[in-house]
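A quick write-up on the structure given underneath.
The values are calculated or read from the model by the stated rules, or taken from the named source; none is laboratory data. Note that the structure is predicted; figures quoted are calculated from it, not measured. For neighbour counting, all protein chains shown are included, and Cβ atoms are generated from backbone atoms with ideal geometry for every residue, glycine included.
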Amino acid sequence: MVQDYSLVKLFKNKDLLKLALTHKSWVNEHQRIRESNERLEFLGDAILEFIVSKELYLKLPQKEEGYLTVLRSNLVNTVNLSDVAKRLSLGSKIFLSKGEEDSGGRDNPSILADTIEAIIGALFLDGGIRSAEKFIQVTLLTDLDKKISEPLKDAKSTLQELVQAQGYAAPKYKVIKEEGPDHDKKFTIEANVDNKTLAIGVGKNKSEAAQDAAKKALENFEKKS
């Protein structure tokens, strides 16, 4: 169903769609034509989180906050949003600079995910919350029952998917500090990709510290455009 989803038909104001597809690199090469999609991305991110949160709250009345938070993260993270963008063949439609395109920008998970959020923001401005909600239902929530039935992905699994989608090897986790007595240990672990530190996490054991490092690395990825 997603493959046949026509973005153009969703918009009354086609200029809003064009704006949502405009990456900042294109603006740098075509100044004073229009702004980038970053403001729409900011708006769309908030709307996406609200709509998915509402759907999970209503659909899963017996689940606790922690479960709902992890499930929501699995639905709205960069990996999942970029997958939606790929199914919509969005990469070929984004306005990118030549340099960004030559460096693989049309397949960059972060750019694709950001564009999905910008489209959601644009749909909200064009047709209100129902327009944005319909798009999210069709593209992100159609297989919600399947996702609920599957084990939730933890931060390490999600980070591994993300970095491998960008052509890197799986992250490595290295203990850089171990403190405290045996009954009250504190571990500090570094998440490393391509010999670069992504984030540092802490925890009462190695597993907890590694998950914390992966979570912080994902947060850093989300902040990048």
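Would you point out the residue of segment 176-199, among those that are over 26 Å from residue 41 (Cα atoms) and touching a helix residue (DSSP H, G or I) at 6+ places or on another chain (Cβ under 6 Å), that is surrounded by the most Cβ atoms within 10 Å (Cβ to Cβ)?
Ranking the candidates gives 191 first.
Which of (1) surrounded by 13 or more Cβ atoms within 10 Å (Cβ to Cβ); (2) over 20 Å from residue 131 (Cα atoms); (3) of a type in the set (Ser, Thr, Tyr) does residue 92 not meet, given it meets every other one?
Evaluating residue 92 over (1) surrounded by 13 or more Cβ atoms within 10 Å (Cβ to Cβ); (2) over 20 Å from residue 131 (Cα atoms); (3) of a type in the set (Ser, Thr, Tyr) leaves (1) as the failure.
So, in segment 168-187, exactly how many residues are under 26 Å from the mean Cα position of the chain (by Cα) and either in a strand (DSSP E or B) or free of Cβ contacts under 8 Å to residues at least 24 places away in the same chain (or both)?
Residues flagged as under 26 Å from the mean Cα position of the chain (by Cα) and either in a strand (DSSP E or B) or free of Cβ contacts under 8 Å to residues at least 24 places away in the same chain (or both) within segment 168-187 amount to 4.
In segment 19-74, what count of residues is obtained for those that are of a type in the set (Asp, Glu), assigned to a helix (DSSP H, G or I) and under 13 Å from residue 96 (Cα atoms)?
Quick first cut of segment 19-74, residues of a type in the set (Asp, Glu) only: 29, 35, 38, 41, 45, 49, 55, 64-65.
The next check asks that each one be assigned to a helix (DSSP H, G or I); those that pass are 29, 38, 41, 45, 49, 55, 65.
Next, from what is left, pick out any that are under 13 Å from residue 96 (Cα atoms): 29.
Final tally of qualifying residues: 1.
Against the condition farther than 30 Å from residue 46 by Cβ and outside the structural domain of residue 6 (by TED's automatic domain parsing), how does residue 165 come out, does it pass?
Considered against the rule, which asks whether it is farther than 30 Å from residue 46 by Cβ and outside the structural domain of residue 6 (by TED's automatic domain parsing), residue 165 comes out as no.
Give me a count of the residues in segment 124-148 that are in a helix (DSSP H, G or I), among the hydrophobic types (A, V, I, L, M, F, W, C) and under 18 Å from the mean Cα position of the chain (by Cα).
5
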